[in-house]
Amino acid sequence: DDQINPIFKAGEEKDIGNDGLKKKLVKEGEGWETPKNGYDVEVHYTGALIDGTKFDSSLDRGTPFKFKLGLGQVIKGWDEGIKTMKKGENAIFTVPPELAYGESGSPPTIPPNATLQFDVELISWTSVKDICQDGGIFKKILYEVCLEDGTLVSKSHGVEFTVGDGYFCPAFAEAVKTMKKGEKVLLTVKPQCKDKKILKKILKEGEGYDRPYNGTMVQVKLIGKLEDGMIFVKKGHDEGSFEFKVDEGQVIDGLEKTVKTMKKGEHALTTIQPEYAFGSSEYSTPEYAFGSSEYSTVYYEVELVSFVKEKESWEMNAPEKIEASGKKKEEGNVLFTAGNIERASKRYEKAVRYIEHDYSFNHEEQQQSKLLKVTCNLNNAACQLKLKDYKQAEELCTKVLELESRNVKALYRRAQAYIQLVDLDLAEADIKKALEIDPGNRELKMGCRVLKEKMREYKKKDAQFYGNIFAKMNLQQANAAKQEQRTPMIIDNKA
């Protein structure tokens, strides 16, 4: 740990890891905690070439830069360096090309094979609630699992897993999240733990820290069994490894979710209940034909032979980012048309992430980037309306309107979200503005009728609500008056 996160004094420069990353402490931070993989971090920074030529600065823009740590949203040198920082700390990182933009550079500002210097201040970070997505947060623990009579069920001398990924049961993951390094606890778990939809038992540890995420091409060996032990599928053992792309719907959800928690070379058993197997899918695969059904809990023995991740955004130059974003947009469109709304939404989100930080793009590339952002956020807003996440739909439309204030589709979709959120005045303002821009739009006129109907409906409800209140108040006053008439007058004879 000291090699990865050495102790610094102000002014000192030391190596971080063994890949040439250097860190010079300028100002010490607060406390002792540092952010972990998956955390949302907020920084101010200035980037320069080794000769001092500045190529970028969040200070110049006046807005801190935010990203998720350890998920490849920035260059590897940042992911490695910033997780060594404390809140309020200021440090200068010298990043070799291998941990920056490599042989391709990032034209026109960063030449090929450039060593870079970043002056970084870590403003804050937020631990992530949904920590089992895309690698999440890992815990290395020692444990023994016993039945109530003391029978040893399982034991580990140091297993690493994603918190919340279904390792044994939800209670196990929840307990680990509350623990400190070195802490030892006795955890008693009631039988509800069996309700977990996907369970995984590691038979053989994998290597390294990397795990597949959405878009990763994986090679696996697998054997699928039913509860009675009948094998209904066997792939990758005789004919070479079985390949599929994570989050493409090529295999059942439970298998995708399991593989995303595995490391290269890992061998595991996973139990998948019908909701994540064939119970909620339209699969007509060989697996389905050979005995598994929508009511079956299925069991897979899986070995993750290898995997190839998609190229990270920080490894791409501007044209590559735009191309990758366009590809994800098209994938999203295909999924949306097929009715796979959740997966389509993820594609649109990924498309925007590729081009989110376009400050190094030239004018033409920024125009292409803007068009992609508008289209993908609009399409994603349509997804969120179908998924009934109206707040998210409103936020996505607002992002579009920040780029194009007269975008009729964004105004209309935001109005639809506002109607469902019962912000009827805001919905009316959006529809009114959209009709001023496009007065002949039939969809807008339909939306206007829906809005008026909603307004009448809520006015009627309000009238009934207040009518009931006034009726109760009048009844209470009448009862009080009757009671007062019945109560005999008491005369004070002490006067």
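The values are calculated or read from the model by the stated rules, or taken from the named source; none is laboratory data. In this text, all values refer to a predicted model and were calculated from it rather than measured experimentally. Here the Cβ positions follow ideal geometry from the backbone for every residue, glycine too, while neighbour counts run over all protein chains shown. Side chains are part of the model used for accessible areas, which takes the heavy atoms of the whole protein and leaves out ligands, DNA and RNA. Shrake-Rupley method; radii C 1.70, N 1.55, O 1.52, S 1.80 Å.
When you scan region 123-139, do you find a residue that is crowded, with 20+ Cβ neighbours inside 10 Å and at pLDDT 85 or above, even just one?
Yes, the conditions are met somewhere in region 123-139.
With (1) in contact with a strand residue (DSSP E or B) (Cβ under 8 Å, 6 or more places away or on another chain); (2) buried (at least 16 other Cβ atoms within 10 Å of the Cβ) as the list, and Leu378 as the residue in question, which single condition is left unmet?
With respect to (1) in contact with a strand residue (DSSP E or B) (Cβ under 8 Å, 6 or more places away or on another chain); (2) buried (at least 16 other Cβ atoms within 10 Å of the Cβ), Leu378 is out only on (1).
Would you pick out the residues in region 201-231 that are outside any loop (DSSP other than H, G, I, E, B) and either free of Cβ contacts under 8 Å to residues at least 40 places away in the same chain or surrounded by fewer than 18 Cβ atoms within 10 Å (Cβ to Cβ) (or both)?
Just the residues of region 201-231 that are outside any loop (DSSP other than H, G, I, E, B), to begin with: 201-204, 207, 217-225, 231.
Correct list: Lys201, Leu203, Lys204, Glu207, Met217, Gln219, Ile223, Ile231.
Can you pull out the residues in region 24-81 that are modelled with pLDDT under 90, open to solvent by less than 30 Å² (accessible area, probe 1.4 Å) and acidic (Asp, Glu)?
Asp56
Exactly one of these conditions fails for Thr337: (1) at pLDDT below 90; (2) surrounded by fewer than 18 Cβ atoms within 10 Å (Cβ to Cβ). Give me its number.
(1)
From (1) crowded, with 17+ Cβ neighbours inside 10 Å; (2) at pLDDT 85 or above, pick out the condition that doesn't hold for Cys448.
Condition not satisfied by Cys448: (2).
Conditions: (1) outside any helix (DSSP H, G or I); (2) free of Cβ contacts under 8 Å to residues at least 12 places away in the same chain. Lys311 meets all but one. Number of the miss?
(2)
Restrict the check to region 391-398 and report whether at least one residue is open to solvent by less than 20 Å² (accessible area, probe 1.4 Å), in contact with a Gly (Cβ under 9 Å, 6 or more places away or on another chain) and assigned to a helix (DSSP H, G or I).
no
Could you grab me the full set of residues in region 48-90 that are hydroxyl-bearing (Ser, Thr, Tyr) and touching a Phe, Trp or Tyr at 6+ places or on another chain (Cβ under 8 Å)?
We begin by selecting, within region 48-90, every residue hydroxyl-bearing (Ser, Thr, Tyr); these are 53, 57-58, 63, 84.
Of everything in region 48-90, those that are hydroxyl-bearing (Ser, Thr, Tyr) and touching a Phe, Trp or Tyr at 6+ places or on another chain (Cβ under 8 Å) turn out to be Ser57, Ser58.
Which of (1) open to solvent by 100 Å² or more (accessible area, probe 1.4 Å); (2) modelled with pLDDT of 90 or more; (3) outside any helix (DSSP H, G or I) is the odd one out, the single condition Ser405 does not satisfy?
Single failed check for Ser405: (1).
Give region 280-317 a look and list any residue that's among the aromatic types (Phe, Trp, Tyr) and modelled with pLDDT under 80, or say none.
Step one: of region 280-317, the residues among the aromatic types (Phe, Trp, Tyr) are 283, 288, 290, 295, 299-300, 307, 314.
Within region 280-317, Tyr283, Tyr288, Phe290, Tyr295, Trp314 qualify.
Out of the residues in region 179-200 that are modelled with pLDDT under 90 and of a type in the set (Lys, Arg), state the one that is surrounded by the fewest Cβ atoms within 10 Å (Cβ to Cβ).
Once the filter is applied, the top-ranked residue is Lys180.
Would you check which residues across region 349-375 are within 16 Å of Glu330 (Cβ to Cβ) and of a type in the set (A, V, I, L, M, F, W, C) and list them?
If the condition is that a residue be within 16 Å of Glu330 (Cβ to Cβ) and of a type in the set (A, V, I, L, M, F, W, C), then Ala351, Val352, Ile355, Leu371, Leu372, Val374 are the ones that fit.
List pairs: first residue in region 319-339 and in the same structural domain as Gln366 (by the TED database) and small (Gly, Ala, Ser), second residue in a helix (DSSP H, G or I) and buried (at least 20 other Cβ atoms within 10 Å of the Cβ) anywhere in the structure, Cβ distance under 6 angstrom, at least six positions apart or on different chains.
Ala324/Tyr354; Ser325/Ala351; Ser325/Tyr354; Ser325/Ile355; Ser325/Leu372; Gly332/Ala344; Gly332/Arg347; Gly332/Tyr348
Which of (1) modelled with pLDDT under 85; (2) out of contact with any Ser or Thr (no Cβ under 7 Å at 6 or more places or on another chain) is the odd one out, the single condition Ala277 does not satisfy?
(2)
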